[in-house]
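Data block below; observations after.
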Amino acid sequence: STLPAVAEELLREIKKAFEESSHVPDDLLLGLKFIFGPSAVPALDLVDQRSVTRVIAPSGRTLYQVLGSSGKLYTCYSSCHFCTCPAFGFSVLQKSESLLCKHILAVYLSQAMGACQELSVSEEQLTNILLAEEEDEG
Amino acid sequence: LCRGGLAERLCRLQNRERSAISFWRHQCVSDDKTPSDKSSVLIVKILEIFEECTIQVAICQQLEQSPVTLSPEDAVISAEEPILKVLFTKETTAHLKSRPQDVIHIYPPWQKLLLQNAGVPVIMNTYFSRKVLLSEHSEAREKTSGLTKMLIRKNIISLAQTFRLDDLDDKLHQEPSDNQVACAPQLHNKQHPLALSAVNDSLLDMVESQGAVGWREVQVRVVIQRVYCLPAREGYRSHTQGNKPLCATPGTNSDPPKVRLCLLVQDAYGMFSEVWLQSLSSTDDTEQYCRRWEGKSCCLAGMKILQRTTRGRALGLFSLIDSLWPPVVPLKVPGQSQDSEMMTTKLPPPSFCYILTVQSGEIHVEVDEEEQISNLYQPPAVHGLKEILQINECNERCSFWAQVLYRRLQTKHNVPVDQRDILLFVTDSTLQNVVHGIPKVVAVSVTASCVLGMEIREALSAGSQLVFFKDALWGNGRIICVERTVLLLQKPLLCLAAGADLSKLTGPVRLDELDSTTQANSICALRGTVVGVNESTAFSWPTCDRCGNGKLELCPQDRELLYCNQCSEVVTTPVLKMQLEVFLSCPSRSQSTVKVKVWQRPAQFVLLTMLLFLQTYEVQSVLGKEVGLLNCYVHSVTSHPNCVALEEIVLL
């Protein structure tokens, strides 16, 4: 497949540009729009608002929590592309219309620009976050 | 959307792009000829199409020239022609309706992306594309094929395929600009040079080019004009309005109110900025930072824009900025060479100011303490109190030395002691040496927003102090200490002192005498004769001589003795405290009834009076007694009835 490699390269370019000059050039922003479509602007907005937190446990297990615009907290996995938001379930899983939802894109962009908040939790707390999602769906 | 954020910027770019696309499409329809400028047009022939998500991926062959003149049979795949992967969005795909063997012209600004593993180059931003029909034969084919729907393979992307943003091999990663086909847009915008070592000297430049996400390695050189502490309010956060952590943070209610060290800095172009640094748990360090940092140059790095504030919204901040305007050296002019400088006397003071803060908990303020004081620095102009009282303008920042004579805390009991307003009565030699017209003592109100260090607080309660008030506010006949005012015990290194050494007082302190102009909440001295005693409010009570506890109890064992439950001991020598209201006739204010209350440790006169009174319970015994010069605090002055209520005080 082509698109993931293209998306990855684009995000790397953004990271590189940001590390060199603390600035993301216009053409990279437009590239984001081209590849990710309607998710691009909302994802950038989540980054502007510092909505992404990397949650890390002593074992090294991590996950991401993104505060959505509605005030709801969504969980994104770090080992695969997964998000608990309904848009992910619909656009990515069901319709295969998008690569990512805006929350996962916001996670990558926050990584690229060093805008992730950090939160250290215990193993138990991390497990609870993951289990809580299950309970909601169950 | 955040103002100045990336989302807002992309929105703007996207709108512009959309207009450009619709304009271009319209132009294409009306003008079917090939455009004159063919240098940057990418010409491709589609070999294979498939879909991933909503993006159409076309494996294409790049053609050297428009094969209008060639017949379809000539356009054969040859091994030398480069292969490209061209991506089209859903909308472009619907517009093009392309099929294998179609020739597409892609107009700029398209973008080329080279992948890490050097596969086939990828072409993006292909909004400006149109199909070119090779001949009449293909036109006919186009019409018929348009009716049958083509089946396109759709690749399902695995969720397990995540993106790795870390470069494993930095050296192998080639700069896209080296490998690009000569074409107008470059994917990697190299307009911004590496700023790791570059030190900028313009705050405005940095703010405007970096946006709200923050600056990383960029540094700005500024001069520290003032150092002070601001109360750190919990709710005042920047873009972290999002993230509520799952686990509870340790309770902050029991912590003492936090205080934040702040700098007011100015760049070579005259622009000011307030920089919020770390929280200080004790404010003893403020004096040190003031002494070491004020007037020096420093480099700011890793700052984040908290707010852009204006004159109307931050009166306190701008009154301080106004006191530093106009600058004492000519300013640089943006956009012009460093040699040309502008005269600053006619420049209006700034109307906006950026408030910056540190990113990610690290402080990036490099102050060169060894360096000399900068020319741009304006130390506080010290004046005598007499001069300050004669200032006509309102909300002027003023600095002065003064002896603190008396301190009074406001009496709101629901407010913690260290957050209450304090009233200080101060004087200096310029006021003491005056005969008429100007008060000898001035009241300075210290509000809770003016941060006082522990040292100063203790010193003020211990005794009379000589205090330097830096950047207090004068207005409406009052001096107040607010946010950004600093009270110091030690002399700052640099002051512009007008005239003689204002700090020494010659002779004992004199207060204004009680007269017809005396107002409430002031202090004065009075003399008079006792004309009456308020018998109903007179009483005395014993207090513990160790701790001052006024609520002594009778000893359970021996009802003759007194017991203090705070010290948990018997009080053998209690201190007698008295409350007595005495009416005086004062020649300096003969029309008023003067009522003086004593309820502290009694001073000379009252002791005599009280003893006489208590012994005899005869008002006669105290009537007519002369009262010497008594220092008092004026509680209230009423005109109907004409009465002045005072309280005897002891000066520090």
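The values are calculated or read from the model by the stated rules, or taken from the named source; none is laboratory data. Since the structure is predicted, the reported quantities are computational estimates derived from the model, not experimental observations. Here the Cβ is made from the backbone with ideal geometry for all residues, glycine too, and neighbour counts use every protein chain on show.
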Task: Pairs where the first residue, in the stretch B:457-473, is on the phi > 0 side of the Ramachandran plot and the second is among the charged types (D, E, K, R), C-beta under 9 Å, 6+ apart - done: B:D471/B:R226; B:D471/B:R397; B:D471/B:R484
Open item on the list: Going residue by residue through the stretch B:454-465, is there one that turns out to be assigned to a loop (DSSP other than H, G, I, E, B) and surrounded by 15 or more Cβ atoms within 10 Å (Cβ to Cβ)?
Closed with: yes
TODO: Please give the number of the condition A:V107 fails out of (1) within 10 Å of the chain's Cα centre (by Cα); (2) surrounded by fewer than 22 Cβ atoms within 10 Å (Cβ to Cβ); (3) of a type outside the set (G, A, S).
DONE: (2)
TODO: Please name all residue pairs, on different chains or six or more residues apart, with Cβ atoms under 6 Å, provided the first residue is in the stretch B:89-101 and is away from every other protein chain (no Cβ under 14 Å) and buried (at least 16 other Cβ atoms within 10 Å of the Cβ) and the second residue is in a helix (DSSP H, G or I) and acidic (D, E).
DONE: none
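Filter the stretch B:372-408 for residues that are in a loop (DSSP other than H, G, I, E, B) and hydrophobic (A, V, I, L, M, F, W, C) and give the result.
Restricting attention to the stretch B:372-408, the residues satisfying the condition of being in a loop (DSSP other than H, G, I, E, B) are B:372-380, B:383-384, B:390-395.
Across the stretch B:372-408, the qualifying residues are B:I373, B:L376, B:I391, B:C394.
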Task: Count of residues meeting criterion [touching a Phe, Trp or Tyr at 6+ places or on another chain (Cβ under 9 Å) and facing another protein chain (nearest Cβ under 7 Å)] in the stretch B:3-20 - done: 1
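Does B:I21 count as under 26 Å from A:L30 (Cβ atoms), at pLDDT 65 or above, in contact with a Ser or Thr (Cβ under 8 Å, 6 or more places away or on another chain) and surrounded by 10 or more Cβ atoms within 10 Å (Cβ to Cβ)?
Details: under 26 Å from A:L30 (Cβ atoms): yes; at pLDDT 65 or above: yes; in contact with a Ser or Thr (Cβ under 8 Å, 6 or more places away or on another chain): no; surrounded by 10 or more Cβ atoms within 10 Å (Cβ to Cβ): yes.
Judged against the criteria, B:I21 is not a match.
Inspect the stretch B:451-461 for any residue being modelled with pLDDT under 90 and either under 18 Å from B:C524 (Cα atoms) or in contact with a His (Cβ under 9 Å, 6 or more places away or on another chain) (or both) and give the result as yes or no.
If we filter the stretch B:451-461 for residues that are modelled with pLDDT under 90, which is where we start, we get B:451-461.
Narrowing the set further to residues that are either under 18 Å from B:C524 (Cα atoms) or in contact with a His (Cβ under 9 Å, 6 or more places away or on another chain) (or both) leaves none.
No: the stretch B:451-461 contains no residue that is modelled with pLDDT under 90 and either under 18 Å from B:C524 (Cα atoms) or in contact with a His (Cβ under 9 Å, 6 or more places away or on another chain) (or both).
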